[in-house]
1. Quick check for me: using +1 on Lys/Arg Cβ and -1 on Asp/Glu Cβ, what's the dipole size of the stretch 21-121 about its Cα centre, in debye to the nearest 20?
2. Which whole-number percent is the relative contact order of the stretch 21-121 (Cα, under 8 Å, 6+ apart)?
3. Any chance you could tell me what percent of the C-alpha pair distances in the stretch 21-121 go past 23 Å?
4. Give the separation of the Cα centroids, the stretch 81-96 to the stretch 53-69, in Å.
5. So, counting K/R as plus one and D/E as minus one, what does the shell of residues with Cβ under 11 Å around Thr38 add up to?
6. Compare the Cα positions of Gly45, Gln76, Thr95 along the charge dipole of the stretch 21-121 (+1 at Cβ of Lys, Arg; -1 at Cβ of Asp, Glu; about the Cα centre) and return the one farthest towards the positive end.
7. Quick one: if the Förster radius is 25 Å, what FRET efficiency do Gln76 and Glu122 give, using the C-beta to C-beta distance and rounding to 0.05?
8. Add +1 for every Lys or Arg and -1 for every Asp or Glu among the other residues with Cβ under 12 Å from the Cβ of Ser77, and state the total.
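Values quoted throughout were computed directly from the atomic coordinates according to the rules given, and no laboratory measurement underlies them. These numbers come from a predicted model, not from an experiment. As a convention, Cβ positions derive from the backbone with ideal geometry for all residues, glycine included, and neighbour counts pool all protein chains shown.
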Amino acid sequence: MLRPYITVLLALSLAMCSASLSCGSKTDNFIVRDLMITPSEATAGEYILIEFWMDNKGYHGVLDTWTLEIDGEEVQSKQVRAAERATTRAYFRITADEVGEHTVIIHGAGNDYLSGRFTVTEP
């Protein structure tokens, strides 16, 4: 009677995966964290650095594609590699063009994402 136990374990794993950012199998178990937007208030024409960290908790290297969205529009994508049991810093660099408050979302292939905001003012 192992089948009910496996079903419960699978359901518990899926519930935990959707409630956190550390989803994946043993070969690609990683966590994305610490979104930083510098500066959070910029003048039009100024560069903005949008960075985050990816912790690989697994025993194999991970390569994942991350996409930067600003106000719902895809702006850039990049592949981020993290060696086994290592932490990697990843970033996007953009130019602040449009005056106003903007929403940033960085997302990977799965359900993992980070979000934040920045404001652009007139020069």
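1. Charge dipole, the stretch 21-121, about its Cα centre: 620 debye, nearest 20.
2. 31 percent.
3. The answer is 27 percent, as a whole percent.
4. 8
5. With Lys, Arg at +1 and Asp, Glu at -1, the neighbours total -2.
6. Looking along the dipole axis, the top candidate is Gln76.
7. 0.55
8. Local charge sum for Ser77: -2.
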